[in-house]
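The values are calculated or read from the model by the stated rules, or taken from the named source; none is laboratory data. Bear in mind that the values here come from a model prediction, so they are computed numbers and not experimental data. Here the Cβ positions follow ideal geometry from the backbone for every residue, glycine too, while neighbour counts run over all protein chains shown. In case anyone asks, the SASA skips ligands and DNA or RNA and just uses the protein heavy atoms, side chains included. Shrake-Rupley method; radii C 1.70, N 1.55, O 1.52, S 1.80 Å.
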Amino acid sequence: MLGSGPSMENSRKLILVLAFLVPGLPIAAQQTDPDVIWKGDFEAGASSLSGHCSAGDDQWCSIETTRPQQIQVVADPVAQGRYAARFEVKYGDVFSYYSDSRSLMSGPSALWENEGNERWYRWQALWPQEWVGSFPKWDELSNPSARSSAGSLVEWHHDANGAVEHGSAPLYIGAGDSDIWLCLVDQATSSCRENISLAPLQRSHWHDFIMHAKWSSQPGVGYLEMWIDGVNVLPKYIAPNMYPGMRNYLEVGLYRNGHIGDPNLLYPNGQHVYGTNGTPSVAYLDGFIIGKTQQSVLNERPWGTSPPDAGPADGGTGADLDGGTGPQVGLAALGSGGGGCASGGPQLAWLAVPLLAVAFTRRLRTRRGPGS
């Protein structure tokens with residue numbers, strides 16, 4: 001049993017020092033942040049994927065798949081914690097009455113965004129080395145430059161509040177052959193009214209995303225800001241990001257044109273466009289968190305390289321699959337200057353934690369995609 005007196009008082013002081021040096025300490029080392037709204041970080045293992053549909057629940061509510069292999073919880077690769085999610089989609093993965101191939105999940109309905117909501121989001125995404133970001137466009141096979149997108153990984157869909165939904169979601173984020181892109185959709189045409197290239201795609205690298213959104217259908221009111229790997233790739237971008245009279249809800253997973261991978265598609269010369277394996281695409285997602293403030297999504301994860309127990313794909317060194325040093329996001333990168341990666345200061349502070357912890361221990365002992 002811990003006692004009182006000078007020894008206990010010194011221990012308390014040490015905890016305060018830790019909190020001061022490393023504001024990014026995990027939640028377990030601090031009190032729960034009341035500004036964290038929800039976490040979908042897959043840390044409940046396979047049970048993370050569905051069934052968490054009530055207000056206040058963390059993890060995911062429902063899935064849209066046709067076969068078990070489409071969404072899996074994996075221990076490698078991961079960006080944080082013990083688990084990440086692997087998404088796969090190929091020709092024929094058509095869920096219910098929808099037309100496009102999909103491998104999707106959504107969170108509890110309590111997360112659905114109303115007009116005027118302001119939120120901060122953070123997640124990590126990895127597209128593997130073999131990722132193909134575009135495919136021949138099924139109805140323009142005589143035009144080599146006509147391509148269909150490989151689809152999105154994160155989207156905010158529209159909910160018609162009991163009415164009939166139609167058209168594409170208002171906002172998609174995905175990866176092409178060479179870049180990470182964001183699409184704001186024109187409701188009337190279901191095509192991108194604004195298609196923004198956010199950053200170069202690094203395959204087999206955990207890209208760390210932070211997005212700040214004010215949701216609105218009104219011009220001059222809604223906006224988005226985006227950081228990837230600590231760089232402000234989208235300064236405050238004022239534009240409608242909802243449809244009038246509707247709500248937005250988060251969906252994650254792969255979603256692409258249903259004709260991609262069709263073994264019966266032929267070029268004009270009779271050559272098959274695809275093989276017989278359905279042309280599978282795979283991507284990974286980890287660490288999703290939603291908060292009311294910037295700090296609430298930063299606190300959830302230390303700055304700099306992943307902790308050794310995070311289980312990165314390189315076997316625990318904290319390096320990415322491509323030999324990098326992992327997501328680098330912190331307040332230094334997200335300040336008013338808006339650019340650049342986190343400096344070495346926060347990383348050095350994080351490295352000091354094990355030494356301080358040792359001292360502390362000793363003291364105690366003594367629905368359709370855009371343009372598809």
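Applying 0.36 nm per residue to the separation of His166 and Tyr237 and subtracting their alpha-carbon distance, the gain on full extension is 23.0 nm.
Site pair Glu130 and Arg82 shows an inter-label distance of 2.9 nm when each label is modelled 7 Å from Cα along Cα→Cβ. Subtracting the Cα-Cα distance of Ser99 and Ser142 from their residue separation scaled by 0.36 nm leaves 13.1 nm.
Residues Ser191, Ser281, sorted by accessible area with the largest first, give Ser191, Ser281 [1.4 Å probe; ligands and nucleic acids excluded]. Computed over neighbours whose Cβ is under 14 Å from that of Glu118, the net charge equals 0, Lys and Arg +1, Asp and Glu -1. Taken over the alpha carbons of the stretch 136-234 as equal point scatterers, the Debye sum produces base-10 log I(q)/I(0) values at 0.15, 0.24 Å⁻¹ of -0.73, -1.39.
Each Lys and Arg adds +1 at its Cβ and each Asp and Glu adds -1 at its Cβ; summed about the Cα centre, the stretch 178-252 shows a dipole of about 180 debye. In the stretch 25-144, Cα pairs under 8 Å separated by at least six residues give a relative contact order of 21 percent. Using 11 Å as the cut-off for backbone N distance, which residues of the stretch 263-288 belong to the label zone defined by a point 7 Å from the Cα of Gln69 along Cα→Cβ? Within reach of a label on Gln69: 277-281. Distance between the pseudo-spin-label points of Ser197 and Asn114 (7 Å out from Cα toward the beta carbon): 4.0 nm.
About its Cα centre, the dipole of the stretch 115-255 is roughly 180 debye, where the only charges are +1 on Lys and Arg Cβ and -1 on Asp and Glu Cβ. Here each label is just a point 7 Å from Cα along the line to Cβ, and for Gln218 and Thr189 those points are 2.7 nm apart.
Taking all protein chains as shown and a probe of 1.4 angstrom, Ile228 keeps an accessible surface of around 10 Å².
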